[in-house]
Amino acid sequence: MNHELISQICFAEIYVVPSHQTARSLFTRLPHGMAYADTLIECIATGYLIAVVESICINEMQQHIDPDAEVVVGRSIRIEHRGPIPPGAAIRVSGWVEQVGRRSTTFCIRAFDDHELVCEGQVTLVAADRKAIESTVAAKLGALRPSAVT
């Protein structure tokens, strides 16, 4: 992880909300959401908004790590979803690095549509050891597979 270059990250992106990322669309696919999904407003689901913001931050950090040795993973996300964003609306997501740790980076983010501030918060990402993460995932997958009965 290149601390000096990461500390200088500043970005501005435009994202157009697709129709399949609404709360109604998402919750119809979730067991606990199917019963009330039809009552929801056709606006971006907070979960998708979080994923959009996180993906932009990961993309920025990804440019300053060794992808063979490191992988960028999320540590914490604090987002205030402040306003509805309908499908087709463009949001302007901007961000900058607030803090750089030994392996972590915290971004401040803000998103506006044509009318208001719709989102703000912080995203903390970690440049984790790729082999360690892959090993942990493999061990967990192995534990999920049924053992052969002898």
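Throughout, read-outs are computed from the coordinates displayed, never taken from laboratory work. The model shown is predicted, which means the values in this text are computed figures rather than measured ones. Neighbour counts run over all protein chains shown; Cβ positions are idealised from the backbone, glycine included.
Calculated FRET efficiency, Ser19 to Ser94, Cβ-Cβ distance, R0 = 22 Å: about 0.35 to the nearest 0.05. Net charge of the neighbourhood of Cys57, taken over other residues with C-beta under 13 Å away and scored Lys/Arg +1, Asp/Glu -1, is -1.
Here the residues Cys108, Cys43, ranked from fewest to most Cβ neighbours within 10 Å of their Cβ, fall in the order Cys108, Cys43.
Each Lys and Arg Cβ is given +1 and each Asp and Glu Cβ -1; about its Cα centre, the stretch 3-144 then shows a dipole of about 440 debye. Averaged over residues, the count of other Cβ atoms within 10 Å places the peptides 60-68, 134-142 in the sequence 60-68, 134-142, highest first.
With R₀ set to 25 Å, the beta-carbon distance separating Ile133 from Leu40 gives a calculated FRET efficiency near 0.10.
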